[in-house]
1. What whole-number distance in Å separates the alpha-carbon centres of region 118-160 and region 1-60?
2. How do 83-89, 125-131 rank on mean C-beta neighbours within 10 Å, highest first?
3. Set Lys and Arg Cβ to +1 and Asp and Glu Cβ to -1, take the dipole of the chain about its Cα centre, and tell me which of Val40, Pro158, Asn175 lies farthest positive.
4. Dipole magnitude of the chain about its Cα centre, charges +1 at Lys/Arg Cβ and -1 at Asp/Glu Cβ only, in debye to the nearest 20?
5. May I ask you to derive the relative contact order of region 23-73, considering only C-alpha pairs under 8 Å and at least 6 residues apart, and to give it as an integer percent?
6. Which FRET efficiency value, to the nearest 0.05, is calculated for Ala199 and Asp85 with the Förster distance at 45 angstrom and r the Cβ-Cβ distance?
7. Which net charge results when you count Lys and Arg as +1 and Asp and Glu as -1 among the other residues whose beta-carbon is under 14 Å from that of Thr179?
8. Which residues does a label at Ile117 reach in region 136-163, if reach means a backbone N under 20 Å from a point 7 Å past the Cα toward the Cβ?
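Where a number appears in this text, it was derived from the coordinates with a stated rule and is not lab data. Quick caveat, the model's predicted, so the values are computed rather than measured. Cβ atoms come from the backbone with ideal geometry, glycine included; neighbour counts cover every protein chain shown.
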Amino acid sequence: MTQQTLIFAHRGASGTYPENTMDAYKAAAEAGADGLEVDVQLSKDGVPVLIHDETVNRTTNGDGWVKDLTYEELQTMDAGSWFHDDFSHATIPSLEELLIWLRGQSLQLNIELKTGIVDYPGIENAVIELIKQYDLIDRVILSSFNHYSLVTVRQLHPTIETAILFMEGLYEPWNYAKTVGAQSLHCSLPVAVPKLLMAAAEADTPVRPFTVNERSHMKALFQAKCAAIMTDWPEQALQVRQEITKTS
């Protein structure tokens, strides 16, 4: 029996909660998501923190580059009011805060290493050491648009799952992924055409497209039985998956 397509909440349940906050992660768990997708960067003092942009400007009341701010400075920022006043209590979580909470959950975790614009020396090791500390290696996927980071991950750890992030129509990306020691393909939604999904399945390579927010796209990917989808709306995705399960 083919395993059903998993639902990863993109930056948490970011359609209904401020992205990359504990509120968004907990809401995804309560909705019944199978996993979370989060973004990790390093504070000035080397703490892995969960935020998508390289600056804090869009998603907090602060200003500046994540790399130039200490963890203590980042903690003082309001990371929720930009989304809605109800979330003025939200802060930028550390990766460790998430992992401590995750130990009591059954969720899988996709951590995107945000090394495409800012070079964060040592970020791969810092992230892996935390994952090992909380005994979550078997539940974590590390992905990045910077495939040099994935090579570093493989050098540091022999088995943790890694995935190449890409947005173009790469030729036989399952073969390319092997050259950087990666096992999975995380492609943008337009790239996840049936031809790619079928060929990747034949190559026994999981595909997890992002960001899948339209019900019609969810339905098509569930029916294609790809490994997982990344969505801002895990609640809707669960409804669509249940509808398909009932009719199949």
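1. 17
2. So the order, starting with the most tightly packed, is 125-131, 83-89.
3. Asn175
4. Around 980 debye, computed over the chain.
5. Worked out over region 23-73, it gives 30 percent.
6. Details: r = 48 Å, r/R0 = 1.06.
Computed FRET efficiency for Ala199 and Asp85: 0.40.
7. In short, +1.
8. Within reach of a label on Ile117, which here means backbone N under 20 Å from a point 7 Å along Cα→Cβ, region 136-163 contributes 143-150.
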